[in-house]
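The structure under discussion appears below in the form of structure tokens.
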Amino acid sequence: MLVLFETAAGYAIFKVLDESKLQQVDSLYKEFETPEKANKVLKLKHFEKFQDTTEALAAATALVEGKIGKSLKKVLKKVVAKEAHEQLAISDAKLGGVIKEKLDLSCVHSPAVAELMRCIRGQMESLITGLPPREISAMSLGLAHSLSRYKLKFSPDKVDTMIVQAISLLDDLDKELNNYIMRCREWYGWHFPELGKIITDNLAYCKTVNKIGDRTNVAGSDLSDILPEEIEAEVKLAAEISMGTEVSEQDIGNIRHLCDQVIEISDYRIQLYDYLKNRMMAIAPNLTVMVGELVGARLISHAGSLLNLAKHPASTVQILGAEKALFRALKTRKDTPKYGLIYHASLVGQTTAKNKGKISRMLAAKASLAIRYDALGEDTNAEMGVENRAKLEARLRQLEEKGIRRISGTGKAMAKADKYQHKSEVKMYDPSGDSTIPSTSKKRKFEEVEEEEEAEEPVTPVVKLKKPKKESVAEEQEAEAAETPKKKKKKKDKKADDETEEPKEEEEAVAVTESTEKKKKKKKKKAKEEEEDDD
């Protein structure tokens, strides 16, 4: 078996004299305790020295990336190809796969080989002859510096630094803008307090103050390029009756300078946000599609880099930013937080309160896949993010529609969530419900109502009231005379019913009141007749 060993000075190839000792991994270090013992196990076959630091750096970077450098290829062809039947022990399994593919050499990587490499590194000075220790240390230091500079120059993580710095600066700008605007409103409010209530937008407020200066200049200034017509008219009216104090020109000058600062910072913030959006779409397109530019940038900033964020599991991504709440909940044995920075994503924000936990968990799972795809994948498109976002939106609609069942059928099956299509339906107002007047003709409606009443009216048996036996003939005649106008009255009532459409219950109430009045009249007449008879 042959062993490939990389040093800062060059490549060394050793021949293993006793392969049986490699099987005892735990006690292998004992064979390398002294240089004499080490020379009994290994023998230096060939050493390819680097010409300068540039060649050493090229070889080292090739090894780091898992590629075969020119010097290594030369050594392998020269030495190992002669003994093609021998196995080659290497320290990097990835490099072994490349060597086997390019040069068709059988490579070995195992725990025994890793332990052998460690032992060789301990006795390197005695095994590799012709290299003084001072020269090896000098070459190692030089290669380390060169390799560090190369890594810093071509580091894939350095682009993440731009995002981390940009999002941090964006947050700082927001804080400073809030402080400046609050100070500006409070300062100018002494002179023109009504303006703060009329103009709510901060940037428009500062532009207006910068343009008008003293409130006496409002009447002659044109604010149409800053404010709408209605608000401009309101500002001019308020300036005439303002109750603010008078200030000097120097005060107005300082306030205007502060307004200039606010306007400049606002413009720079817009420019910085566009830059951050472009960088996020270039570096992490799938993550940007899933959670948005600001939330994605804050996640990367919180983790330190995109690669560090890719190492986190989905459960950590979900609560990233809520560490204090998590540890406090674990300490007090209460419910742990459901979301951290991911709470500000649009998918979580548009859900109902009871579904926020579920959606944040699903979004974190898909976002962690997107992060790993962006950090470690070779493609730069956002197809995966778009596909996963569509799945999450479908799942969100399914959760929102849960509980709505089909009207037709068994009623037990859940309503199917159709594919979402945004249709702006314009619903027109129906004025038919405003009026209480019936749309059909009265005559037709009255006839229909009468027919329905006749059909619905139940036939009730007529119960005859027992008349008192002691009634004179005169009373009967009077009763008959009273019945005849009653019939006429009934006919009149029917005509009136046809005209005014009174309900049947009112007719019965009227009939009852009439019969009671007649009985009272009869009693009065009877009482008068009895008095006359007594006289």
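The values are calculated or read from the model by the stated rules, or taken from the named source; none is laboratory data. All values derive from a computational prediction rather than experimental measurement. A quick note on method: Cβ atoms are made from the backbone with ideal geometry, for glycine too, and the neighbour counts reach across all protein chains shown. The protein model used for the area step is the full one, side chains on, heavy atoms only, and it has no ligands, DNA or RNA in it. Shrake-Rupley method; radii C 1.70, N 1.55, O 1.52, S 1.80 Å.
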>> Suppose we filter the range 358-390 for residues that are small (Gly, Ala, Ser) and under 12 Å from the mean Cα position of the chain (by Cα); how many remain?
In response: 3
> If we keep just the residues of the range 254-283 that are among the hydroxyl-bearing types (Ser, Thr, Tyr) and open to solvent by 30 Å² or more (accessible area, probe 1.4 Å), which is farthest from Asp171 (Cα to Cα)?
Replying inline: Tyr275
> Going by the structure shown, is Ala9 assigned by the TED database to the domain that holds Arg121 and without any contact (Cβ under 8 Å) to a residue 40 or more places away in the chain?
Replying inline: no
>> One residue is enough: does the range 208-227 have a residue meeting the conditions under 30 Å from Ser346 (Cα atoms) and among the basic types (Lys, Arg)?
In response: no
>> Condition check: over 30 Å from Val209 (Cα atoms), in contact with a Leu (Cβ under 9 Å, 6 or more places away or on another chain) and of a type in the set (Phe, Trp, Tyr). Does Tyr150 satisfy that?
In response: yes
> Taking Ser315, is it within 19 Å of the chain's Cα centre (by Cα), within 20 Å of Lys277 (Cβ to Cβ) and part of a helix (DSSP H, G or I)?
Replying inline: no
>> Going residue by residue through the range 122-130, is there one that turns out to be touching a helix residue (DSSP H, G or I) at 6+ places or on another chain (Cβ under 9 Å), over 30 Å from Glu240 (Cα atoms) and among the polar types (S, T, N, Q)?
In response: yes
> What pairs come up if the first residue lies in the range 157-184 and is over 16 Å from Ser305 (Cα atoms), the second is surrounded by fewer than 14 Cβ atoms within 10 Å (Cβ to Cβ), and their beta carbons are under 8 Å apart, counting only those six or more places apart or on different chains?
Replying inline: Leu173/Tyr268
>> Pairs needed: first member in the range 236-260, on the phi < 0 side of the Ramachandran plot; second member anywhere, of a type in the set (Ser, Thr, Tyr); C-beta distance under 7 Å; at least 6 residues apart or different chains.
In response: Ile255/Tyr188; Leu258/Tyr180
> Looking at the range 338-363, which of the residues that are in a loop (DSSP other than H, G, I, E, B) and open to solvent by 30 Å² or more (accessible area, probe 1.4 Å) is nearest to Glu387 (Cα to Cα)?
Replying inline: Gln350
> How many of the residues making up the range 316-337 are of a type in the set (Val, Ile, Thr) and either outside the structural domain of Thr288 (by the TED database) or open to solvent by 60 Å² or more (accessible area, probe 1.4 Å) (or both)?
Replying inline: 2
> helices (runs of 4 or more DSSP H) wholly in the range 93-176 with at least 2 residues that are farther than 22 Å from Phe5 by Cβ and open to solvent by 40 Å² or more (accessible area, probe 1.4 Å) - which ones?
Replying inline: 133-153
> If you scan the range 32-88, which residues turn out to be farther than 22 Å from Cys107 by Cβ, in contact with a helix residue (DSSP H, G or I) (Cβ under 6 Å, 6 or more places away or on another chain) and free of Cβ contacts under 8 Å to residues at least 12 places away in the same chain?
Replying inline: Lys37
>> Condition first: small (Gly, Ala, Ser) and either open to solvent by less than 50 Å² (accessible area, probe 1.4 Å) or not assigned by the TED database to the domain that holds Lys197 (or both). Now tell me which residues in the range 222-253 satisfy that.
In response: Ala238, Ala239, Ser242, Gly244, Gly253
>> Return the residues of the range 374-402 that are more than 12 Å from Asn355 (Cα to Cα), open to solvent by 50 Å² or more (accessible area, probe 1.4 Å) and part of a loop (DSSP other than H, G, I, E, B); say none if nothing qualifies.
In response: Glu378, Asp379, Thr380, Asn381
